[in-house]
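The next block holds one structure in the form of structure tokens; read it before the comments.
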Ligand code: AMP
């Protein structure tokens, strides 16, 4: 049973690592960014509501995000755990997650921080070419990460695992798996 959260600045490789880790650990990869993008692509009501927010690099309001995430967590495939990528993004979301898990006597096993220098991630994102990957939006998303999301590192200090996020994809996956095995 593994309940994990992956944190790190936009461009740290969370999506790539989450995909690899979810396979190795046989737990679903839940990305709120992917869920929003799917809704946008399918032009659902939710998609229409959030499109301009994703385009600007801001955060979708907590009520909307929390509700979507909680519905996803209620899917039976999370019975053996899950890997959250891009959620929580602020303390309010983290509190909602803790409360939701506590209602079924669950808690997070670990929060994995991928550490990558800001200039490195900005460079990576500029070559990725997603619609929210132009330089102004990228800088804004880094700012949002520093001000809203980085405080989670202290909030989760008791379960935090810090991993160097620079290197080959497989190497980083191995580092995370080794760190998860070593945790006390
Ligand atoms: P990501 O794919 O994680 O980089 O997320 C892309 C965009 O989706 C973000 O820039 C936000 O606009 C939105 N988003 C994803 N996750 C969240 C979240 N937990 N809270 C608020 N907005 C989010």
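Below are the figures for this structure:
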read-out	value
Residue match in the stretch 107-119 (condition: in contact with a helix residue (DSSP H, G or I) (Cβ under 8 Å, 6 or more places away or on another chain), within 13 Å of the ligand (Cβ to nearest atom) and within 19 Å of residue 13 (Cβ to Cβ))	yes
Checklist (1) within 18 Å of the chain's Cα centre (by Cα); (2) in contact (Cβ under 8 Å) with a residue 24 or more places away in the chain; (3) under 17 Å from residue 6 (Cα atoms) applied to residue 183, failing item	(1)
Residue check, residue 81 at pLDDT 95 or above, within 10 Å of the ligand (Cβ to nearest atom) and either surrounded by fewer than 17 Cβ atoms within 10 Å (Cβ to Cβ) or closer than 30 Å to residue 177 by Cα (or both)	no
Residue among 33, 86, 13 that is modelled with pLDDT under 95 and under 21 Å from residue 126 (Cα atoms)	13
Qualifying residue in the stretch 109-125 (condition: surrounded by fewer than 17 Cβ atoms within 10 Å (Cβ to Cβ), under 30 Å from residue 51 (Cα atoms) and under 16 Å from the mean Cα position of the chain (by Cα))	yes
Residue list for the stretch 135-148, restricted to those being farther than 21 Å from residue 5 by Cβ, touching a helix residue (DSSP H, G or I) at 6+ places or on another chain (Cβ under 9 Å) and surrounded by fewer than 15 Cβ atoms within 10 Å (Cβ to Cβ)	135, 139
Sole exception among (1) under 21 Å from residue 35 (Cα atoms); (2) more than 13 Å from the ligand (Cβ to nearest atom); (3) in contact with a helix residue (DSSP H, G or I) (Cβ under 7 Å, 6 or more places away or on another chain) for residue 101, by number	(3)
From the options 124, 128, residue that is more than 22 Å from residue 151 (Cβ to Cβ), assigned to a helix (DSSP H, G or I), within 16 Å of the ligand (Cβ to nearest atom) and out of contact with any strand residue (DSSP E or B) (no Cβ under 9 Å at 6 or more places or on another chain)	124
Residue match in the stretch 151-166 (condition: assigned to a helix (DSSP H, G or I), surrounded by 12 or more Cβ atoms within 10 Å (Cβ to Cβ) and out of contact with any helix residue (DSSP H, G or I) (no Cβ under 8 Å at 6 or more places or on another chain))	yes
Residue that is closer than 20 Å to residue 131 by Cα and part of a loop (DSSP other than H, G, I, E, B), where the choices are 46, 35, 59	59
Selection within the stretch 31-49 - closer than 23 Å to residue 147 by Cα and touching a helix residue (DSSP H, G or I) at 6+ places or on another chain (Cβ under 7 Å)	31, 32, 36
Residues located in the stretch 25-41, provided they are in contact with a strand residue (DSSP E or B) (Cβ under 9 Å, 6 or more places away or on another chain) and within 10 Å of the ligand (Cβ to nearest atom)	31, 32, 33, 34, 37
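Let's see how each residue does on (1) more than 16 Å from the ligand (Cβ to nearest atom); (2) surrounded by fewer than 18 Cβ atoms within 10 Å (Cβ to Cβ); (3) assigned to a loop (DSSP other than H, G, I, E, B):
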| residue | (1), (2), (3) |
| --- | --- |
| 55 | no, yes, no |
| 64 | no, yes, no |
| 87 | no, no, yes |
| 95 | no, yes, no |
| 105 | yes, yes, yes |
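The values are calculated or read from the model by the stated rules, or taken from the named source; none is laboratory data. Keep in mind the model is a prediction, meaning the values are calculated, not measured. Note: ideal-geometry Cβ built from the backbone for every residue, glycine included; neighbour counts use all protein chains shown.
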